[in-house]
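For reference, the structure is listed below as structure tokens.
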Amino acid sequence: EADIYQTPRYLVIGTGKKITLECSQTMGHDKMYWYQQDPGMELHLIHYSYGVNSTEKGDLSSESTVSRIRTEHFPLTLESARPSHTSQYLCASTAGGGAEAFFGQGTRLTVV
Amino acid sequence: GESVGLHLPTLSVQEGDNSMINCAYSNSASDYFIWYKQESGKGPQFIIDIRSNMDKRQGQRVTVLLNKTVKHLSLQIAATQPGDSAVYFCAENLNNYGQNFVFGPGTRLSVLP
């Protein structure tokens, strides 16, 4: 079982609120990712990090931001949540090229 | 081009039959491939992987086939069971530091009783 954890699992929040989705892994992986996935749809990469103090935007534009102050922690923040942000957010990590990516259980976000 | 917003293709099979799920990958330089299974409400889970120096790899009830000539990856599931119902994603990766995983669009497998 993968040692990567996301909290909360489910979140319902009002429009305009600031939220942070947490992701932590205990495998010492340098590379971490955030994906956005609507129900029954594809995975879209929104942010990634190659290590501490490294963050990049992914293939799908997102109004969220991320930080990587510690290897094990890769939080995602929405400064002002909107209904269009309603989706599932999946965090993943990998040891590097040529190794599998481990996924967290996801956070299902609903903005009302 | 980017397939944003497309619904996943669906494959329906009878319980006990064999399943084959296909995936076309994009980068001829990719040298590592993974199949993931995603059950409803969960994150993707690793099923099986294959490196580009192989064309076939077998696991327990699953086999992955790689055809580098046409950039095609297949997942075969033997004796499909109800617990196999899920969305299946293929992913490609370059074995270097700078390349991220690229996921295929996914296929929803439904196992009929």
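Its Cα gyration tensor gives segment B:12-113 an equivalent ellipsoid, and the semi-axes of that ellipsoid, as √(5λ) in whole Å with the largest first, are 24, 15, 11. Basic side chains Lys and Arg get +1 at the Cβ, acidic Asp and Glu get -1 at the Cβ, and with that the dipole of chain A about its Cα centre reaches some 400 debye. With K and R counted +1 and D and E -1, the other residues having a Cβ less than 15 Å from that of B:Val87 yield a net charge of -1.
Computed over the protein assembly as shown, the percent of Cα pairs more than 31 Å apart is 20. For the cross-link pairs B:Lys37/B:Lys71; A:Lys57/B:Lys56; A:Lys18/A:Lys57, which exceed 24 Å when the distance is taken from alpha carbon to alpha carbon? Violating the 24 Å limit, Cα to Cα: A:Lys57/B:Lys56. Loop-located trypsin sites (Lys or Arg not before Pro) in segment B:36-113 (DSSP state other than H, G, I, E, B) with a sparse environment of at most 16 neighbouring Cβ atoms within 10 Å: B:Lys42, B:Arg61, B:Lys68, B:Lys71. Taking the charge dipole of segment A:1-93 about its Cα centre, with +1 at Lys and Arg Cβ atoms and -1 at Asp and Glu Cβ atoms, the residue from A:Leu21, A:Tyr5, A:Thr55 reaching farthest to the positive side is A:Leu21.
For the protein assembly as shown, the solvent-accessible area works out to 48 Å² per residue, with a probe of 1.4 Å and every protein chain left in place.
The values are calculated or read from the model by the stated rules, or taken from the named source; none is laboratory data. Not measured: the values here are computed from a predicted model. Note: ideal-geometry Cβ built from the backbone for every residue, glycine included; neighbour counts use all protein chains shown. Only protein heavy atoms, including side chains, enter the accessible area calculation; ligands, DNA and RNA are left aside. Shrake-Rupley method; radii C 1.70, N 1.55, O 1.52, S 1.80 Å.
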